Amino acid sequence: MMRNMLNRFAEVPLAAWLIGALCAVYLEQWVGDPLTELLLLPKIPVLFGCLIVLKTPKLIPSTVVFLILIYAVPICVIAYAVRKPANMIAAKLFSGPIWISAILHLGLLYLILHIWSDISAYRELTLKFTLIAIIVTLSLNLINGYMGEFSCSHPGFMALGAYGASVFSLVLFADDKNFGEALLPGILGPFMFPLGLIFGGFISAIGALVVAIPSFRTRGDYLAIISLAFTFIVKSLIENLEFIGGPRGLGSQPDFSNLLVVFIWTVLCVWIINNYVQSVYGKATNAVRDDEIAADAMTVDTRKTKMVTFMFAAFWAGVAGGLFAHVLRFVNPSTFGIQKLAEVLAMVYFGGLNSVYGSIVGAVSLSLLGEALRPLELFKWIIIPLLLILVMIYRPTGLIAFKEFNIRNLIQPKHIPEDEV
Amino acid sequence: MTYFLQNVVNALQWGSFYALIALGYSMVYSILMLFNFAHGDIFMVGSYIGFGVAAALVALSAAGVVVLPSWLIFTLTILVTMILTAMLGMAVERVGYRPLRDAPRASAAITGLMIGIILETGNLAILGARRVRFPDLIESVTYEIGGVYVTNKKIMIVVVSLLFMVAMQYFVSKTKWGMAMRAMAYDYLVVPLMGVSINSIARLTFAIGSALAAVAGILYGIAYPVLDPYMGVLFGWKAFVAAILGGRGSIMGATLAGFLLGFIEIFVAMVFPSTLRDLIAYSIILLILVFRPHGFFGEPYSAKLRL
Amino acid sequence: MPLLEVKKMTHYFGGLRAVNDYSLKIDAGEVRGLIGPNGAGKTTIFNLITGIYTPTEGNVILDGESTIGLRPHQVAARGLGRTFQELRLWRHMSVLEHVMMARYSKLSYGLIGAFLGTSKRLKEEEESRQIAMKMLDMLEIKHLAGDSIANLPYGAQRRVEMARALATEPKVLFLDEPTVGMTPEELNQMMDIFRRVRDELGLAIFLIEHRLKMVMELCDRIQTLVFGEVIAEGVPEEIQNNPKVIEAYLGKEAVT
């Protein structure tokens, strides 16, 4: 019986699931409020009820009912109902260029996220940070997973990107006490913002050179401490630069990082990094990791491979930093310290090394878990580490390691199994 | 000149902490090829255990149950704390590292990092946010030698640290267990063939490293009596730097690198505004690594993180 | 002009002289053998010619150009393919990926192509996929293309290493004890493959081997190396009957 049910759902394509989820989030917007009153909930369960349940356990039944009525039932029913037309459309799109189909799926996904996060500002903020965490995790995975080194410099790269992008937009588009009046009309701001992010990314890529040149001359664990020293140096450098606010930080960045912008950059990052790691140039990082001498003998330019991958990863960390600064609209150097490092490392190793899927899973699950367990206060910092230790013991390379991210497989139509017809 | 000498004294004390912690770090790193990111927090817990033991002994003494002279309290505190912290170290090895013996090294580093966070949080959960004050075990006496002020505490801290470092050097180079450790650092697979189990060596390594961190914790508590749960974090990462800077497989190297780090930090703060301390200190370390890429005493080796 | 020429190469490790006054000439289509007892410096010579070490003295000329000072990947890209005595495979890659990786220096789509997946990249990678499949076919392991390397039996792993070296389009192929640990049957198959590779691709082979039978059958000329010095050089029959060689292999008593 159960297997039969699961078999039936096996023919539901991704598009149908997305349509189901879209209906669910619409439903939540329409009937969410009356339903919460009916179920005596204080407000709409923001993060799938985790916060409510942990604060007042006796609301568990009503929260579960809410989740079933709003999410589980509509998603399953609608996804199942539209599976046939969805399969047909997916098949039609699949026969054309892949990017059209991919963009349509992403559009649906964005719509869902947008409507879902419309309910509360807290949801939106959590969502943005989660998306940014995906960029950071994926870029660190390039170094620690794909290349097999141990780098501690990501907070430093993020800081460079955050300050680079912030200075860019504050100088050009904002009247700021540090940098004086805006040089360009503010209306251009959102359009020039990508340039600011890229500017920040390039600054951290240049910073990466400082780490890469001494550490890739020799092999061994030196990258670990050189990169750690780099993080300390960047933090301390920013603390000492008064014109960018010193230890007090830099605030009132223009509000350029709306959900759409963050979403687009995350998609871009996943797409480009995924392209890279599947190319021969990207696979060369794996070859360097698994056997550098063999890589050399097979004509692979190992030094260039390491340099490029490291700077590429730093670039994305910088972009993530820039987005982060504009979401929070405030940065200070202490954000980018050891704590941030532990957080990012945890996401990479939890999700899985050498895997785009893994990084997405790691970033999303740990970001959401971090928010969802907030009511537990101190104990959150016992539960999350314990969870990670368990994952490390039972799956030492992380949950979904060494798995290629294949867009085609994801969006292809699911055909009905032969024996069912 | 006196100002300079005064800073030498301070740097010796500050470097002692780094050296002792880096020593334990370096042992785990050299022998087991692991980054023990929990080490800084073991230092912190050692300091707290030391505080507990010392406070208990002082209270017993004050209540007149057993009247002990202060030097005996100090010695007992060190011994008991070392034993207790060594047990903690062994527990950490058992829970966080042994199951990951065949896993990538980085995974073990992550469990270490997580155990560290659990230790910090556990401390906060048990003792609350208030800071505790380490009892004054030693009456502070200040000597003035040619304008340089030296307290008996500082002398004692440096002497005790040096004693432990010399003892360690002796242990590793002269005893049977020490030899087994060095053999393991040299070749992982040969040790079981000699009839010594990897597990017992690993346990011993963690026990000794943690005991040394406990000594550092007590000495730190004597010099800077206010303890807090996050005090181990920075020490841990800096000792990590010192351990690798010293070179793999070199206990002397880690000790020297610890002192060097202490001297650099103190002297940078002496010459430049203190806000520039980290910036300049780590830039110097970066430069050192550019010119001595294998650390001070380490041999060139190539060890990738096994995946 | 020989395809590969090594002129008076000497190398020291610290104060220790590992290779002394070594010279070599290989022409296209030739199979050369290098034999000698363990520790004679055979692999060191491979590493010196392929650029892993830079010789203290001497010169290496490949196709008319000196390769001294080039990094190993540059030497490899100029036409020196090699296999390793201890298998050096990339444990997380599939068989096909191994062989495609060896096309690295032949690709020109650059980083932009890698980042954006341009049509140029698709075209070039499809080409290298086809070449890789051809190599796998030549070594009779085409059916294993999608397999993960770690699951393959030893003999198949050896073949992957060969295919990978061939995919770099070498002019000279260096084989470092390619049949170590193989059964007699596998050995015979391997020898057929060597011959076929030489004939079809027209490349020269430089072979380190312990099994004298194989060297004698396969090689046109053989060098014998003892303590870093060539003590005998010639066609197989000469080597077989050379008293110095017999002494090096079997000890003094055997000669007298």
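Values as computed for the structure displayed
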item	result
Unique match (being more than 20 Å from A:ASP291 (Cα to Cα) and either open to solvent by 10 Å² or more (accessible area, probe 1.4 Å) or aliphatic (A, V, I, L, M) (or both)) among C:ASP147, C:ASP199	C:ASP199
C:PRO55 within 10 Å of chain A (Cβ to nearest Cβ) and within 21 Å of C:HIS11 (Cα to Cα)	no
The one condition in (1) in contact (Cβ under 8 Å) with a residue 60 or more places away in the chain; (2) surrounded by 19 or more Cβ atoms within 10 Å (Cβ to Cβ); (3) within 30 Å of A:ILE389 (Cβ to Cβ) that B:ILE118 fails to fulfil	(1)
Region C:84-114 - residue that is of a type in the set (A, V, I, L, M), more than 7 Å from chain A (Cβ to nearest Cβ) and assigned to a helix (DSSP H, G or I) and, of those, surrounded by the fewest Cβ atoms within 10 Å (Cβ to Cβ)	C:ILE112
Index of the failed condition, C:GLY36 passing every other in (1) in contact (Cβ under 8 Å) with a residue 60 or more places away in the chain; (2) not assigned by TED's automatic domain parsing to the domain that holds C:ILE246	(2)
Considering residues of region A:42-90 that are part of a helix (DSSP H, G or I) and basic (Lys, Arg) only, the residue surrounded by the fewest Cβ atoms within 10 Å (Cβ to Cβ)	A:LYS58
Which listed residue, of C:TYR53, C:TYR12, is within 29 Å of A:ALA284 (Cβ to Cβ) and open to solvent by 10 Å² or more (accessible area, probe 1.4 Å)	C:TYR53
Some residue of region A:238-249 being open to solvent by less than 30 Å² (accessible area, probe 1.4 Å), outside any loop (DSSP other than H, G, I, E, B) and under 23 Å from A:GLY362 (Cβ atoms)	no
Count - residues of region A:209-224 that are open to solvent by less than 60 Å² (accessible area, probe 1.4 Å) and free of Cβ contacts under 8 Å to residues at least 12 places away in the same chain	3
Single residue of region A:366-384 satisfying the filter (farther than 16 Å from A:LYS55 by Cα and touching a residue at least 24 places away in the same chain (Cβ under 8 Å)) that is farthest from the other protein chains (Cβ to nearest Cβ)	A:LEU368
Options B:ALA254, B:ALA242, B:ALA216, B:ALA207: the member that is away from chain A (no Cβ under 14 Å), small (Gly, Ala, Ser) and open to solvent by less than 10 Å² (accessible area, probe 1.4 Å)	B:ALA216
Among (1) at pLDDT below 90; (2) in a helix (DSSP H, G or I); (3) surrounded by fewer than 16 Cβ atoms within 10 Å (Cβ to Cβ), the one test that C:GLU127 misses	(1)
Of the criteria (1) open to solvent by less than 10 Å² (accessible area, probe 1.4 Å); (2) within 14 Å of chain C (Cβ to nearest Cβ), which one A:SER227 fails	(2)
Selection from region C:60-75 of residues that are in contact (Cβ under 8 Å) with a residue 24 or more places away in the chain and part of a helix (DSSP H, G or I)	C:HIS73, C:VAL75
Check on C:GLY81, on the phi < 0 side of the Ramachandran plot, within 17 Å of the chain's Cα centre (by Cα) and either in a helix (DSSP H, G or I) or within 10 Å of chain A (Cβ to nearest Cβ) (or both)	yes
Helices (runs of 4 or more DSSP H) wholly inside region A:309-421 that include at least 1 residues being surrounded by 23 or more Cβ atoms within 10 Å (Cβ to Cβ)	A:338-351, A:356-372, A:380-394
Output for region B:261-286, where each listed residue is more than 9 Å from every other protein chain (Cβ to nearest Cβ), farther than 13 Å from B:PHE17 by Cβ and not small (Gly, Ala, Ser)	B:ILE264, B:PHE267, B:VAL268, B:MET270, B:VAL271, B:PHE272, B:ILE284
Residues within region C:84-96 that are over 13 Å from A:ASP290 (Cα atoms) and over 18 Å from the mean Cα position of the chain (by Cα), tallied	2
Some residue of region A:404-412 being at pLDDT below 90 and of a type in the set (Val, Ile, Thr)	yes
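The values are calculated or read from the model by the stated rules, or taken from the named source; none is laboratory data. Computed from a prediction, not measured in an experiment: that's the story for all the values here. As a convention, Cβ positions derive from the backbone with ideal geometry for all residues, glycine included, and neighbour counts pool all protein chains shown. Please note that ligands, DNA and RNA were not included when accessible areas were found on the heavy atoms of the full protein model with its side chains. Shrake-Rupley method; radii C 1.70, N 1.55, O 1.52, S 1.80 Å.
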